[in-house]
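A.B. asks: The structure that follows is given in the form of structure tokens.
The values are calculated or read from the model by the stated rules, or taken from the named source; none is laboratory data. Since we're looking at a predicted model, the values are computed, not measured. Cβ placement follows ideal geometry from the backbone for every residue including glycine, while neighbour counts extend to all protein chains displayed.
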Amino acid sequence: MAKQKIQAPKGVSEYVPPRSSAFEFVRECLINPARKAGYLPIELPVFEDTELFTRGVGESTDVVSKEMYTFEDRGGRSITLRPEGTAGVMRAVIEHGLDRGQLPSKLWYAGAFFRAERPQAGRYRQFYQVGIEAIGLDDPAIDAEVIAIADAGFKAIGLNKYRLDLTSLGDAHSRAAHRIDLVAFIAQLDLDEATRARAAINPLRLFDDKRPEIRDAMNNAPLLMDYLSDSSKQHFAKVKSYLDALGIAYTLNPKMVRGLDYYTGTTFEFVHELLGAQSGIGGGGRYDGLMSELGGQELSGIGFGLGIDRALLAAEAEGVITSDSFASDLFIIPLGDLAKEKALLIASELRAAGKTIEIAFGDRALKGAMKGADKSGARFVIVLGDTEITTQSVELKEMKTGSTSSVKIDSLLGAL
Ligand code: HAM
């Protein structure tokens, strides 16, 4: 009896050909602007001590209180699959003394993250992010640069239909002044026990509540934006003026609440128009207290996490990625043993020159091999037989138009 097939766990995103090429393209587009701005790669474990996230991300958040994949390892330690990247980067920066060298420490990462959320379109239990962190510099110009790097990544993919939401969560003084009034405001609302408990840890969370009655109740709540200290105001005004100078449009959203508790000062989200409920394609901000919360020195930092899965969905929704963006340049069909050897040689030379070349191995009949060429989506095809080798000349066929031209083997690179 045939054994039952095993399926992937519920709610994970996975990418197989041909779509995996589009995924890779999106990831590279999002990483490249960070590389060009001098950010260096950092590779970290996907599991960490659970305490890193309870302390770093915050217990009032859904991410920590409801969505972590936490388990005990064989040594009885509490381990959690990373739900986000910033806390781990900060842990590594402290552990490896990167905060003792040249500042800011500028790092990028890409990889899988895990949140036990209710799966739906664009929301997965294993998903992928590209992130950057710039640690150890409190200058509004780097806030603008971080935002510009994210924007350049989305632009490189070809995305257009997104907006940038921007706010400032101020410094500790700003938030302390606001908190007094916000807590007093919340105290006179009629709330259930769980909501009150959440608000006690972080009252800003109530701005993020999806229930209509809480939304209504919070309509007249005092806004942090109106409590910014002079230095926070000045910092934020500078960020805005740099973004203006860069021509990066933004919408001020003083009610924005990020899903993680470490944010302070400049905070932002990129929202795509065509993605429905899961429209956040990236977000980030400054985190003044995170390093000291994790046992390091008092250094400020700023960064972002961009959702590769969602950026890909956005690209597909906008129709900016087509499968022939990733097709091979040339498909070679060798006929016979000598032709095979010649094909290997031609392919390795053209590949060294940067072209993508496929060879039809396996001695298939010409008709079948042609079908394979067609399926591969390659731009051009050549058939290589004894005559072609003797004359050193091939018929280069453009697959889309069907037009052919006679080309010397030596001149293939130019012809492609
Ligand atoms: P985040 O907003 O929680 O921030 O996640 C960043 C992005 O990851 C989101 O905008 C979204 O595109 C994607 N994302 C989050 N959860 C899911 C999911 N379940 N399925 C698919 N995509 C998802 C952070 O993680 C911060 N660490 C970003 C940061 C870095 N802030 C400062 N530095």
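Okay, residues lined up against (1) touching a helix residue (DSSP H, G or I) at 6+ places or on another chain (Cβ under 9 Å); (2) on the phi < 0 side of the Ramachandran plot; (3) free of Cβ contacts under 8 Å to residues at least 40 places away in the same chain:
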residue	(1), (2), (3)
R175	yes, yes, no
H178	yes, yes, no
D192	no, yes, yes
A197	no, yes, yes
N220	yes, yes, yes
L224	yes, yes, no
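A.B. asks: Which condition does E84 not pass, out of (1) modelled with pLDDT under 95; (2) closer than 15 Å to L294 by Cβ; (3) within 13 Å of the ligand (Cβ to nearest atom); (4) acidic (D, E), if it passes all the others?
C.D. replies: With (1) modelled with pLDDT under 95; (2) closer than 15 Å to L294 by Cβ; (3) within 13 Å of the ligand (Cβ to nearest atom); (4) acidic (D, E) applied to E84, the lone miss is (1).
A.B. asks: If you don't mind, another one. Taking the range 66-80 on its own, how many of its residues are part of a strand (DSSP E or B) and either touching a helix residue (DSSP H, G or I) at 6+ places or on another chain (Cβ under 8 Å) or not assigned by TED's automatic domain parsing to the domain that holds R125 (or both)?
C.D. replies: Step one: of the range 66-80, the residues part of a strand (DSSP E or B) are 70-72, 78-80.
With the extra rule that they be either touching a helix residue (DSSP H, G or I) at 6+ places or on another chain (Cβ under 8 Å) or not assigned by TED's automatic domain parsing to the domain that holds R125 (or both), the set shrinks to 70, 78-80.
Going through the range 66-80 one residue at a time, the tally reaches 4.
Here is a yes/no grid of residues against (1) over 14 Å from the mean Cα position of the chain (by Cα); (2) over 22 Å from Y124 (Cα atoms):
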{"position": "I6", "(1), (2)": "yes, no"}
{"position": "S13", "(1), (2)": "no, no"}
{"position": "S21", "(1), (2)": "yes, no"}
{"position": "L30", "(1), (2)": "no, no"}
{"position": "P33", "(1), (2)": "no, yes"}
{"position": "L40", "(1), (2)": "yes, yes"}
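A.B. asks: I would also like to ask the following. Out of the residues in the range 227-270 that are β-branched (V, I, T) and assigned to a loop (DSSP other than H, G, I, E, B), which is farthest from the ligand (Cβ to nearest atom)? Give the derivation first.
C.D. replies: Of all residues in the range 227-270, those β-branched (V, I, T) come to 239, 248, 251, 257, 264, 266-267.
Those left that are additionally assigned to a loop (DSSP other than H, G, I, E, B): 248, 257.
On the way: I248: 17, V257: 11 Å.
Restricting to residues being β-branched (V, I, T) and assigned to a loop (DSSP other than H, G, I, E, B), the top hit is I248.
A.B. asks: Sticking with this structure for a sec: Which condition number does P119 fail, the rest of (1) free of Cβ contacts under 8 Å to residues at least 40 places away in the same chain; (2) within 11 Å of the ligand (Cβ to nearest atom) being met?
C.D. replies: Tallying (1) free of Cβ contacts under 8 Å to residues at least 40 places away in the same chain; (2) within 11 Å of the ligand (Cβ to nearest atom), P119 fails exactly one: (1).
A.B. asks: Can I ask one more? So which residues in the range 355-378 are touching a helix residue (DSSP H, G or I) at 6+ places or on another chain (Cβ under 8 Å) and either exposed (fewer than 13 other Cβ atoms within 10 Å of the Cβ) or not in a strand (DSSP E or B) (or both), if there are any at all?
C.D. replies: Pass one, the range 355-378, residues touching a helix residue (DSSP H, G or I) at 6+ places or on another chain (Cβ under 8 Å): 355, 357-361, 364, 377.
K355, A360, F361, R364, G377 - these are the residues of the range 355-378 that are touching a helix residue (DSSP H, G or I) at 6+ places or on another chain (Cβ under 8 Å) and either exposed (fewer than 13 other Cβ atoms within 10 Å of the Cβ) or not in a strand (DSSP E or B) (or both).
A.B. asks: Out of the range 271-291, which residues are closer than 19 Å to V93 by Cβ, more than 7 Å from the ligand (Cβ to nearest atom) and at pLDDT 95 or above? Spell out the reasoning first.
C.D. replies: Residues of the range 271-291 closer than 19 Å to V93 by Cβ: 284-291.
With more than 7 Å from the ligand (Cβ to nearest atom) added as a condition, the list becomes 286, 288-291.
The answer is R286, L290, M291.
A.B. asks: List, please: which pairs have Cβ atoms under 7 Å, are six or more places apart or on different chains, and start with a residue in the range 240-259 that is outside the structural domain of T61 (by TED's automatic domain parsing) and end with one that is within 16 Å of the ligand (Cβ to nearest atom) and of a type outside the set (F, W, Y)?
C.D. replies: From residues that are outside the structural domain of T61 (by TED's automatic domain parsing), there are no pairs.
A.B. asks: Among the residues of the range 292-337, write down those that are hydrophobic (A, V, I, L, M, F, W, C), away from the ligand (no atom under 15 Å from the Cβ) and farther than 19 Å from V381 by Cβ.
C.D. replies: Pass one, the range 292-337, residues hydrophobic (A, V, I, L, M, F, W, C): 294, 299, 302, 304, 306, 308, 311-315, 317, 320-321, 326-327, 330-333, 335.
Checking the rest, the ones that are also away from the ligand (no atom under 15 Å from the Cβ) come to 320-321, 326-327, 330-333, 335.
Passing the criteria: V320, I321.
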